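Read the structure below first, then the notes.
The values are calculated or read from the model by the stated rules, or taken from the named source; none is laboratory data. Just so it is clear, the model here is predicted, and its values are computed rather than measured. For neighbour counting, all protein chains shown are included, and Cβ atoms are generated from backbone atoms with ideal geometry for every residue, glycine included.
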């Protein structure tokens, strides 16, 4: 729309913007559909801070290229056409302006534009205001530094009046950053009055009706009186509405802004897009994310975490008798290491022996020293006596990769670095390669293959091969994480393929079970044959012990009878 900004056009965005100036609010979260002016809100907030509350500001885009485009296409025209900002920010081409495409300096502060894929940009300076755009499109990790949102938010720690604004269309349920941030806030929704009965309601897609697959007949039906709204009536209702929170306010004001509130998208267009998208799950997902502003929940195969929780058992000993070999899997997170030790028996029956979390900075040596101590501990098998962890696999994918390489160097083959490889048909564990910055043997693990194997064993009944056992002291969170992914079928370029997707944010337990399974695979051992060999060795040792007990001591020349027994 040409001309000056008029908040009246998108009245529902007034309160989110006002929250930026509210001293009680430290974080503003907007989970929204497309074409609802969320980027314009970020521009308005930026201009307000530059004019009225000058301070260090950081605008974060998903990539550095997008940050460059945002600066040229949105920030530069805003500064040029707003005289109070043009007076404060010198032109890039002027001498000694100090301004670049990625940084605008003004009296009292600066605006820096960065990409979430650039860890050095995110962690290089203290920032009072963070403005994150499309945070669900941010990479999982900024290089090896970890979650980019957490990284940039830490830059505001020294400011008592810090403000954080996060906006995005959501993605998959359970794995969406903006959904998680929205749930942490007071969860405000827009309640709109009916033009006929004046009853307030949140706008729902289920209330839009049309006739004979004709989008032009679309209208909104009031859930109270059944009156039908036209687009002008719907827009008027959104303007006259009010925001209502459904959770306690704790410093975060969170808003859900679906496309149903937008004055720019007629109902007929929304219906037309829905009718086209519903034939293809991939298109329908995009429509749900970008129009409804809701997360997409894949329909697929998933284990029941509560069922596994109810299967917990009391082991008579820490290492059950049927365990033959111990392996471990380790996962590296921003502030901790997580490790699971798994015992394996005949037919790949498994027992979770221990799940351990080592808190600390993985860039510091103390964390790795503690991991070594933990992995070197001795276990007592009720039949075979002292036993140790035969092999451990540690993931190198994304978090502190160089530190993992450094740790594994010199410990191979007891401890192996691995990296997950997506795609169907990949081997559980492939041939190692030294083509990495650590120059250590890096083992590729087919994640789809490994997860399919783990899921199959988790489903195994008591009389089936691969049955999994868990100790009684494990809590529900362990089982929530080991079932945090499900198998779905998708179409890529017309071809059907299956893959595992996250249904919740945390899945470290599942990852560690995959790594422990990969560790067993690298041993290339026949568990039954290994068990027989261990049993034979034990029998032989016991026989030798019996023979030694029954054998009379031999007295050497020059040795007394008592000395012979002492020896």
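Figures for the structure shown
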{"read-out": "Sole exception among (1) free of Cβ contacts under 8 Å to residues at least 24 places away in the same chain; (2) buried (at least 22 other Cβ atoms within 10 Å of the Cβ) for residue 81, by number", "value": "(2)"}
{"read-out": "Matching residues, segment 361-374, being surrounded by 15 or more Cβ atoms within 10 Å (Cβ to Cβ) and without any contact (Cβ under 8 Å) to a residue 40 or more places away in the chain", "value": "367, 368, 370, 374"}
{"read-out": "Test: residue in segment 506-513 that is modelled with pLDDT of 85 or more, assigned by TED's automatic domain parsing to the domain that holds residue 356, surrounded by 13 or more Cβ atoms within 10 Å (Cβ to Cβ) and not in a helix (DSSP H, G or I)", "value": "yes"}
{"read-out": "Residue in segment 191-208 that is within 23 Å of the chain's Cα centre (by Cα) and assigned by TED's automatic domain parsing to the domain that holds residue 117 present", "value": "no"}
{"read-out": "Of residues in segment 221-269 being under 29 Å from the mean Cα position of the chain (by Cα) and in a loop (DSSP other than H, G, I, E, B), the one surrounded by the fewest Cβ atoms within 10 Å (Cβ to Cβ)", "value": "248"}
{"read-out": "Members of segment 152-173 found to be closer than 21 Å to residue 137 by Cα, at pLDDT 90 or above and in a loop (DSSP other than H, G, I, E, B), listed by number", "value": "169, 170"}
{"read-out": "Number of the condition not met by residue 264 [criteria: (1) without any contact (Cβ under 8 Å) to a residue 24 or more places away in the chain; (2) farther than 16 Å from residue 31 by Cα; (3) out of contact with any helix residue (DSSP H, G or I) (no Cβ under 7 Å at 6 or more places or on another chain)]", "value": "(1)"}
{"read-out": "Any hit, segment 482-496, residues being surrounded by 10 or more Cβ atoms within 10 Å (Cβ to Cβ), part of a helix (DSSP H, G or I) and at pLDDT 80 or above", "value": "yes"}
{"read-out": "Members of segment 208-220 that are free of Cβ contacts under 8 Å to residues at least 60 places away in the same chain and buried (at least 18 other Cβ atoms within 10 Å of the Cβ)", "value": "218, 219, 220"}
{"read-out": "Options 230, 250; residue that is in the same structural domain as residue 18 (by TED's automatic domain parsing) and over 22 Å from residue 40 (Cβ atoms)", "value": "250"}
{"read-out": "Sole exception among (1) part of a helix (DSSP H, G or I); (2) surrounded by 10 or more Cβ atoms within 10 Å (Cβ to Cβ); (3) at pLDDT below 95 for residue 555, by number", "value": "(1)"}
{"read-out": "Filter result for residue 348 (modelled with pLDDT of 95 or more, touching a helix residue (DSSP H, G or I) at 6+ places or on another chain (Cβ under 9 Å) and either within 23 Å of residue 455 (Cβ to Cβ) or surrounded by 22 or more Cβ atoms within 10 Å (Cβ to Cβ) (or both))", "value": "no"}
{"read-out": "Answer residue from segment 385-403, given it is at pLDDT below 95, out of contact with any helix residue (DSSP H, G or I) (no Cβ under 8 Å at 6 or more places or on another chain) and not in a strand (DSSP E or B) and is nearest to residue 446 (Cα to Cα) among those", "value": "397"}
{"read-out": "Residue among 284, 303 that alone is assigned to a loop (DSSP other than H, G, I, E, B), surrounded by 15 or more Cβ atoms within 10 Å (Cβ to Cβ) and modelled with pLDDT under 95", "value": "303"}
{"read-out": "Residues (more than 24 Å from residue 404 (Cβ to Cβ) and in contact (Cβ under 8 Å) with a residue 40 or more places away in the chain) located in segment 324-343", "value": "324"}
{"read-out": "Within segment 119-131, considering residues that are surrounded by fewer than 19 Cβ atoms within 10 Å (Cβ to Cβ) and under 15 Å from residue 100 (Cβ atoms), the one modelled with the lowest pLDDT", "value": "124"}
{"read-out": "Some residue of segment 342-354 being assigned to a loop (DSSP other than H, G, I, E, B) and out of contact with any strand residue (DSSP E or B) (no Cβ under 9 Å at 6 or more places or on another chain)", "value": "no"}
{"read-out": "Any chance residue 141 is out of contact with any helix residue (DSSP H, G or I) (no Cβ under 6 Å at 6 or more places or on another chain) and assigned to a helix (DSSP H, G or I)", "value": "no"}
{"read-out": "Selected residue (only one of 471, 462, 441 is within 26 Å of residue 402 (Cα to Cα) and either in the same structural domain as residue 315 (by TED's automatic domain parsing) or modelled with pLDDT under 90 (or both))", "value": "441"}
{"read-out": "Options 297, 316, 321, 340: the member that is assigned by TED's automatic domain parsing to the domain that holds residue 440 and either within 23 Å of the chain's Cα centre (by Cα) or within 30 Å of residue 442 (Cβ to Cβ) (or both)", "value": "340"}
{"read-out": "Count - residues of segment 422-480 that are exposed (fewer than 11 other Cβ atoms within 10 Å of the Cβ), free of Cβ contacts under 8 Å to residues at least 60 places away in the same chain and more than 27 Å from the chain's Cα centre (by Cα)", "value": "7"}
{"read-out": "Residue 416 in a helix (DSSP H, G or I), at pLDDT 95 or above and under 25 Å from the mean Cα position of the chain (by Cα)", "value": "no"}
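For every residue, the table says whether it meets (1) farther than 17 Å from residue 70 by Cα; (2) modelled with pLDDT of 95 or more; (3) in the same structural domain as residue 129 (by TED's automatic domain parsing); (4) surrounded by fewer than 21 Cβ atoms within 10 Å (Cβ to Cβ).
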residue	(1), (2), (3), (4)
3	yes, no, no, yes
15	yes, yes, yes, yes
48	yes, yes, yes, yes
57	no, yes, yes, no
